[in-house]
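To keep things clear, I will list the structure first and then write my remarks on it.
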Amino acid sequence: MRSDGFFKTAVIVGTIAWMALFAFVPNVLVFLASFGSASPENFIEPGFSLHNYARLMDRSHLEIMLSSLELSGLVTLVCLLTAYPFAAILARARQPWRSYMLVLVVIPFWTNSLVRTYAMTAMLNTSGIINSVLLGLGIVKEPLAMMYTPGAVVLGLAYTLLPFMILPLYTALERLDRRYVEASRDLGATPIKTFWRVVVPLTMPGIVSGCMLVFLPGIGMFYVSDVLGGAKAMLLGNFIRDQFLTTRDWPLGAAASVTLTALMGVMLVLYWKSSSRLNAGSQA
Amino acid sequence: MNDANVSSPTIPVVSLHEVSKVYDGQHALNGVSLDVQRGEFLTILGPSGCGKTTILRLIAGFEKVTSGRVYIDGQDVSGLPPERRNVNTVFQSYALFPHMNVFENVAFGLRMKKRTEAEIVSSVGKALRLVQLDGFEKRMVGNLSGGQQQRVAIARAIVNRPLVLLLDEPLSALDYRLRKRMQLDLKHLQRKLGITFVLVTHDQEEAFSMSDRVVVMNDGHIEQIGTPAGIYEEPRNLYVARFVGEINILNAEVVEQSEGSARVRAQGLDVTMRTRCAFAPGDKVHVLLRPEDLRVETLKDLAEDPELGDSFAGGRSMVGTVEETIYKGATYDVAVRLDNGSQVMATEFFNEDDETVYFRAGDRVAVSWVEGWEVVLPHEE
C-alpha cells in the first residue's frame with residue numbers, strides 16, 4: 001500500500017511537472033514576449049506595450065489572418081461534405097465491413113503526415129500521376145498547374161484532416177437511434193426532410209467537434225502550405241513560423257500565436273456551450 | 001379530431017393477405033392473413049419473437065413484405081414509404097425527438113403536411129388537452145416522466161388523425177399502477193376518437209382489458225382471432241389456452257359422440273361435455289378447466305350435507321388431497337393432488353359468512369366444476 005501511494009504521487013507529480021515545464025511555462029513566455037519589442041541582440045526586449053497587437057491589425061497582416069481563416073473554413077467544408085456520407089455508410093455497415101472501413105480511415109496515421117504531404121506532390125506535379133493520366137486520356141493538352149495553388153493546399157489539408165472529421169461524425173451517427181428516423185418518416189417527413197430536421201440536429205455534437213478538429217489545426221499546419229503552396233504564406237501558421245525563423249520578429253510572432261490561441265479558446269468555449277445545451281436536451 | 005378520415009365503411013381499414021416476412025433466412029411471419037375492422041381496438045398478443053411487432057412494422061411501412069400483400073383502406077401499399085401511409089405509430093421507446101420541446105414534437109406531423117401556424121397551434125392544443133398535458137408545451141421531452149412521455153407520443157400520433165394508430169408495446173416501460181391507468185385512458189381515448197387502434201403486447205391481461213378483438217400469435221402465425229371472452233373461454237388449441245391464463249389440462253378419452261357433445265371418460269370422471277369438434281369413440285382428448293371454474297369441497301362436508309353431495313355426484317368429480325393453498329388477496333389458490341397423480345389448481349373466493357371454508361394441506365377433497373364451462377380439444381401431445 002505504501003509503495004502504491006508513492007507510485008501514484010510520483011506519476012501525478014511527474015505529469016504536472018512535465019505539463020508545467022513544456023506547456024504552461026512556454027505559453028507564459030510567448031504571452032510575455034508578445035508585449036515586448038524586437039531587438040537585434042537579444043531577440044526580445046522585455047516591456048509592456050500592445051504595439052505588436054496593433055501591428056497585427058495592419059492591412060497586410062489582417063489579410064493573411066483572414067485568408068488563413070477562409071482557407072481553413074473551406075477545408076472544413078470539404079471535409080464535412082466528404083466525411084458525412086462516408087460516416088453515415090460506416091455507421092450503417094454490417095460487420096466485418098465496418099471494421100475494414102474503419103481500418104481504411106486509420107491506415108494513413110501509420111505514415112508520418114509530412115511524408116504523406118510530400119507524396120501528394122508526386123500526384124499534383126506537372127509530371128505527376130494526375131497530369132499523366134489526364135494527358136494520356138487526351139482530356140487536357142497541356143499539364144495542369146496544380147502545385148503551389150490554394151487549391152493544392154486545401155486538398156492537402158483536407159486529406160490530412162479528413163479522419164478527424166470522420167471519426168466524431170461516425171460516433172454521432174452510430175449513436176443515433178434508428179427509431180427517431182422511423183418516427184420522422186412515420187409522421188410524414190420525406191427522407192430529405194428527415195435528414196435536415198432530425199438527423200442533422202441530433203448529430204450536431206459530432207458535426208461541431210469534427211469541424212473543430214479540422215478547422216483549428218487547419219489554421220496552423222504550416223508544412224502543408226510550405227510543401228504544396230510554395231513560398232507564399234497562406235496560413236497563420238506559416239506567418240508565425242516566418243516571424244520566428246525568417247524575419248526574427250519574435251514579439252510579432254508571439255502576438256500572432258497568442259491571438260491564434262485566444263481564437264481557439266473562444267471557439268472551444270462556444271463548442272462547450274453548444275454541446276452542453278444539446279446534451280441537456282437529449283438526456284431522455 | 002371529429003372529422004376523421006372519410007372512407008368506405010365496408011372494406012377493412014387494414015388487410016393482410018398471406019403475408020410472409022423472412023429475416024436472414026428465418027421466417028418472422030409465415031402466411032399471415034388478417035382484417036382490421038374500422039373503428040375497432042385490435043390487440044396482437046404473443047410472446048416476444050412471435051412476429052407481432054413485424055406485423056406493425058409492415059403496416060407502418062418500415063419493412064417490406066417478402067411475399068403477400070398489405071392493404072390500407074383497400075389500397076395496396078406495398079410500394080408506399082411510411083410518410084405516404086395514413087397510419088401513425090406510438091413506439092415502444094416513444095422515440096420523442098430529444099431536440100424539440102413537447103409542442104414541436106406534437107406539431108411535427110402537421111408541419112410536414114404544411115398546415116398553417118394557426119391550425120397547428122389549435123390542433124396541438126387540442127391533442128395535448130386530450131392526453132391531459134396542456135401547459136406542457138414548452139417543456140423539453142427529456143425532462144418528462146415516463147408516463148408523460150408516453151402521452152406526448154400518443155398526442156404526436158393522434159394529432160395527425162390517422163386512419164389507424166399502431167401501438168408497439170406502449171405501456172411496457174411503465175410501472176404497474178400507471179400501466180393500469182393508461183390501459184383505461186387508452187381505451188377511453190380510442191372510443192372518443194373513433195380511430196382504429198392496433199396494439200401489440202405480450203401481456204394477456206392488457207390485451208383483454210382494452211381490446212374489442214384479440215389476435216393470438218405464435219412463432220410467425222396466427223393461432224386464434226376472437227373477442228377476449230371468446231379466446232379465454234373457447235381457446236382453439238392448447239397453446240392459446242395456456243397463453244391466456246392459468247388452466248388445468250386433463251387427458252381423457254371419448255366414449256361416445258353425439259351432435260354437439262361427447263361422453264368423455266378420464267381420471268374417474270364419466271361426463272357428457274359439449275364440444276364443437278367431431279370425435280370418434282376412442283379418440284384421445286384434452287379437457288380444459290380454468291381454475292376459477294373449479295369447485296372444491298372436503299369429503300367431510302359432502303358427507304354431512306346431502307344436497308351438496310348430490311351436486312358432486314354422477315361422475316362429475318375427482319377426489320384428491322390438498323397439497324397447499326396460496327394466498328392471493330381477493331382469492332386463494334388451492335393445489336390439489338388427485339388420486340391418480342395429476343395436479344389441478346383451483347381458485348377460490350373467500351366466503352365472508354363461513355370462516356371455516358379454508359382448505360389446509362392434507363385435506364381430502366372432491367373437485368368438480370360448473371357444468372358446461374369445460375373445453376374439450378383434440379389430443380395434441
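Do we have any residue at all in the range A:269-282 that's within 14 Å of chain B (Cβ to nearest Cβ), under 30 Å from B:R84 (Cα atoms), modelled with pLDDT under 90 and open to solvent by 20 Å² or more (accessible area, probe 1.4 Å)? Checked against the condition, which is being within 14 Å of chain B (Cβ to nearest Cβ), under 30 Å from B:R84 (Cα atoms), modelled with pLDDT under 90 and open to solvent by 20 Å² or more (accessible area, probe 1.4 Å), the range A:269-282 yields at least one hit. With respect to B:N88, is the statement that it is of a type outside the set (A, V, I, L, M, F, W, C) and surrounded by 24 or more Cβ atoms within 10 Å (Cβ to Cβ) true? Answer is yes for this residue. As a summary of the residue check, A:T160 satisfies the conditions (1) closer than 23 Å to A:N112 by Cβ; (2) open to solvent by 50 Å² or more (accessible area, probe 1.4 Å) except for the one numbered (2). Here is a check on your reading of the model: is B:R316 open to solvent by 40 Å² or more (accessible area, probe 1.4 Å) and either more than 28 Å from the chain's Cα centre (by Cα) or in contact (Cβ under 8 Å) with a residue 40 or more places away in the chain (or both)? For B:R316, the condition - open to solvent by 40 Å² or more (accessible area, probe 1.4 Å) and either more than 28 Å from the chain's Cα centre (by Cα) or in contact (Cβ under 8 Å) with a residue 40 or more places away in the chain (or both) - is not met. The single condition from (1) open to solvent by less than 40 Å² (accessible area, probe 1.4 Å); (2) in a helix (DSSP H, G or I) that A:V140 fails is (2). One residue alone among A:L71, A:L81 is under 26 Å from the mean Cα position of the chain (by Cα), free of Cβ contacts under 8 Å to residues at least 40 places away in the same chain and under 18 Å from A:L213 (Cβ atoms), and that residue is A:L81. Counting residues in the range B:57-79 that are in a strand (DSSP E or B), within 29 Å of B:M210 (Cβ to Cβ), of a type in the set (A, V, I, L, M) and open to solvent by less than 20 Å² (accessible area, probe 1.4 Å) gives one or more. If the condition is being of a type in the set (D, E) and outside any helix (DSSP H, G or I), then the range A:157-213 contributes only A:D177. Anything in the range A:233-251 that is of a type in the set (D, E, K, R) and either without any contact (Cβ under 8 Å) to a residue 40 or more places away in the chain or in contact with a His (Cβ under 8 Å, 6 or more places away or on another chain) (or both)? List them, or say none. A:R241, A:D242 - these are the residues of the range A:233-251 that are of a type in the set (D, E, K, R) and either without any contact (Cβ under 8 Å) to a residue 40 or more places away in the chain or in contact with a His (Cβ under 8 Å, 6 or more places away or on another chain) (or both). For the range B:77-84, state whether one or more residues are more than 14 Å from chain A (Cβ to nearest Cβ) and either closer than 30 Å to A:I192 by Cβ or touching a helix residue (DSSP H, G or I) at 6+ places or on another chain (Cβ under 9 Å) (or both). Within the range B:77-84, one or more residues are more than 14 Å from chain A (Cβ to nearest Cβ) and either closer than 30 Å to A:I192 by Cβ or touching a helix residue (DSSP H, G or I) at 6+ places or on another chain (Cβ under 9 Å) (or both). In the range B:122-144, is there at least one residue being in contact with a helix residue (DSSP H, G or I) (Cβ under 7 Å, 6 or more places away or on another chain), surrounded by fewer than 22 Cβ atoms within 10 Å (Cβ to Cβ) and closer than 15 Å to A:Y180 by Cα? Yes, because at least one residue in the range B:122-144 is in contact with a helix residue (DSSP H, G or I) (Cβ under 7 Å, 6 or more places away or on another chain), surrounded by fewer than 22 Cβ atoms within 10 Å (Cβ to Cβ) and closer than 15 Å to A:Y180 by Cα.
Checked against the criteria, A:I64 counts as surrounded by 15 or more Cβ atoms within 10 Å (Cβ to Cβ), within 18 Å of A:I240 (Cβ to Cβ), within 19 Å of the chain's Cα centre (by Cα) and not polar (S, T, N, Q).
Sub-6 Å Cβ pairs linking a first residue in the range A:111-130 that is closer than 11 Å to A:T160 by Cβ to a second residue that is at pLDDT 85 or above, at least 6 apart or interchain, are A:S113/A:T160; A:L114/A:Y223; A:T117/A:G156; A:T117/A:V224; A:T117/A:V227; A:M120/A:G156, ordered by first then second residue. With respect to B:G68, is the statement that it is in contact (Cβ under 8 Å) with a residue 24 or more places away in the chain, in contact with a His (Cβ under 6 Å, 6 or more places away or on another chain) and away from every other protein chain (no Cβ under 14 Å) true? Yes; evaluated as a whole, the condition is true for this residue. Report those strands (runs of 3 or more DSSP E) wholly inside the range B:176-295 carrying at least 2 residues which are closer than 19 Å to B:H379 by Cβ and either open to solvent by 10 Å² or more (accessible area, probe 1.4 Å) or not assigned by TED's automatic domain parsing to the domain that holds B:L58 (or both). Answer list for the range B:176-295: B:221-226, B:248-258, B:261-266, B:269-274, B:284-289. Counting only residues that are farther than 15 Å from A:G188 by Cβ and at the interface with chain A (Cβ under 10 Å from one of its Cβ atoms), which one in the range B:96-121 is most open to solvent (accessible area, probe 1.4 Å)? Per the stated criteria, the residue is B:H99. Across the range A:163-182, the number of residues qualifying as more than 27 Å from A:T76 (Cβ to Cβ) and surrounded by 15 or more Cβ atoms within 10 Å (Cβ to Cβ) comes to 2.
If we scan the range B:128-150, do we find a residue that is in contact (Cβ under 8 Å) with a residue 12 or more places away in the chain, among the basic types (K, R) and more than 10 Å from every other protein chain (Cβ to nearest Cβ)? Yes, the range B:128-150 contains a residue that is in contact (Cβ under 8 Å) with a residue 12 or more places away in the chain, among the basic types (K, R) and more than 10 Å from every other protein chain (Cβ to nearest Cβ).
A:V200 fulfils the conditions (1) at pLDDT 90 or above; (2) open to solvent by less than 30 Å² (accessible area, probe 1.4 Å); (3) away from chain B (no Cβ under 14 Å) except for a single criterion, (3). Residue-level check: of (1) touching a residue at least 24 places away in the same chain (Cβ under 8 Å); (2) under 17 Å from the mean Cα position of the chain (by Cα), A:T203 misses just (2).
The values are calculated or read from the model by the stated rules, or taken from the named source; none is laboratory data. Quantities reported herein were computed from a predicted structural model and do not represent experimental measurements. When we count neighbours, we look across all protein chains shown, and the Cβ atoms used for this are built from the backbone with ideal geometry, even at glycine. Heavy atoms of the whole protein, side chains included, go into the accessibility calculation; ligands, DNA and RNA do not. Shrake-Rupley method; radii C 1.70, N 1.55, O 1.52, S 1.80 Å.
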